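Trainee: Let me give you the structure first, and then I'll get to my questions.
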Amino acid sequence: LASVSTFLAVSSRVQRRLAELMGPAAPLAARIPCGIPFVRGDDDHQAWPTNPRDTARLVWIGRMDEHQKRVSDLPRIAAGLMATGLRFQLDIIGSGGEAATIARQVRELRLDGTVRLHGWQSGEFVQSALRNADLLLLPSNFEGMPVAAMEALASGCAVVGSDTCGLEEYAERPEVQRCLWIFPVGSVPAAVAAVPEALQTPLSLRREAATTFAADEFTIARCMDRYAAVLADLPPVTGPARVSRPRRLATRLASLGISTAGRARQW
């Protein structure tokens, strides 16, 4: 730790966990999410579905892992929603070690046709699914700051997640009341209740709140400003430089490629 100037965490919960592991002397400085290449344009609203919905569109995206993602709750939540009479479609995008278990749950709970398993898909497929979805479900046991959630919000898709999904620290903010709903992790009944509650907010208001939240918190430009603020507060480095000139040049070229790719993706 003596050679570390600061640790950065993607969420407050990760920051607290670092403090627990390393003690109060750990040089924790700031919470900075990873950030996403998102530029909010005037034509965003034109790309959103405008037809009245008689079937809610729910989506989950990620690696099918029970320990972290708690994916077995997804079919249970779907079954609970069916019991309430809600008309909905749940698209599960991704795969992993629990894929066969989830497929079996879907069959046993008679969710065929209502829950669709897509496996891994292209980025274009994922973006289309998010843009057309009403809600992203996040029943995770623990997350840092999930990229799927940030991209969902940037696409105008609201989030219903557990209180350990990574977004829970924002739940009390006034600006997220129309795009983020939190339930106790592991409580399927609470998740089932949260979905229709979220859907009571008009679609246009959910989308506006979601994109505004994403623009204010998760853009790469916003995160770069936070990094700049942290770096400005660090003490100057003393002693001889330990990085060779060729290595500095290689790092600079690599950084240029990454930043160029990011700008290209934004455009």
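Trainee: Could you tell me the extents of region 50-194's C-alpha atoms along the three principal axes, largest first, rounded to whole Å?
Mentor: For region 50-194, the Cα extents along the three principal axes come out at 40, 38, 33 Å.
Trainee: Which peptide among 220-228, 92-100 comes first, and what is the full order, when sorted by highest mean count of other Cβ atoms within 10 Å?
Mentor: 92-100, 220-228
Trainee: In addition: What distance in nm separates the two pseudo spin-label positions at residue 224 and residue 65, each 7 Å out from Cα along the beta-carbon direction?
Mentor: Modelled inter-label distance: 3.0 nm.
Trainee: Which of 165, 121, 152 sits farthest toward the positive end of the charge dipole of region 60-168, with +1 on the Cβ of Lys and Arg and -1 on the Cβ of Asp and Glu?
Mentor: 121
Trainee: Which value, in debye to the nearest 20, describes the size of the charge dipole of region 110-222 about its Cα centre when Lys and Arg Cβ atoms bear +1, Asp and Glu Cβ atoms bear -1, and nothing else is charged?
Mentor: It comes to approximately 340 debye.
Trainee: Which distance in Å, rounded to a whole number, links the C-alpha centroids of region 55-132 and region 145-212?
Mentor: Region 55-132 and region 145-212 have Cα centres separated by 17 Å.
Trainee: Separate question: Please list the non-local residues whose amide H lies under 5 Å from the amide H of residue 158, H modeled 1.01 Å from N, same-chain partners needing a gap of 5 or more.
Mentor: Close amide H contacts, sequence-distant or interchain: 136.
Trainee: Quick one: grab the alpha carbon gyration tensor of region 123-237, order the square roots of its eigenvalues as a ≥ b ≥ c, and give me rounded if a/c is under 1.5, else prolate or oblate depending on whether a/b is larger than b/c.
Mentor: Here region 123-237 falls in the prolate category.
Trainee: Between residue 177 and residue 193, how many nm apart are label points set 7 Å from Cα along the C-beta direction?
Mentor: With each label point 7 Å from Cα toward Cβ, the separation is 1.9 nm.
Trainee: When a/c reaches 1.5 or more, the comparison of a/b and b/c decides; with that in mind, is region 186-239 rounded, prolate or oblate per its Cα gyration tensor?
Mentor: In terms of gyration-tensor shape, oblate.
Trainee: Another question, then. Hey, got the dipole for region 189-241? About the Cα centre, +1 on K and R Cβ, -1 on D and E Cβ, debye to the nearest 20?
Mentor: Result for region 189-241 is approximately 120 debye, rounded to the nearest 20.
Values quoted throughout were computed directly from the atomic coordinates according to the rules given, and no laboratory measurement underlies them. Bear in mind the structure is a predicted one, so any value in this text is a computation, not a measurement. Every residue, glycine among them, receives a Cβ derived from its backbone with ideal geometry; neighbour counts consider all protein chains shown.
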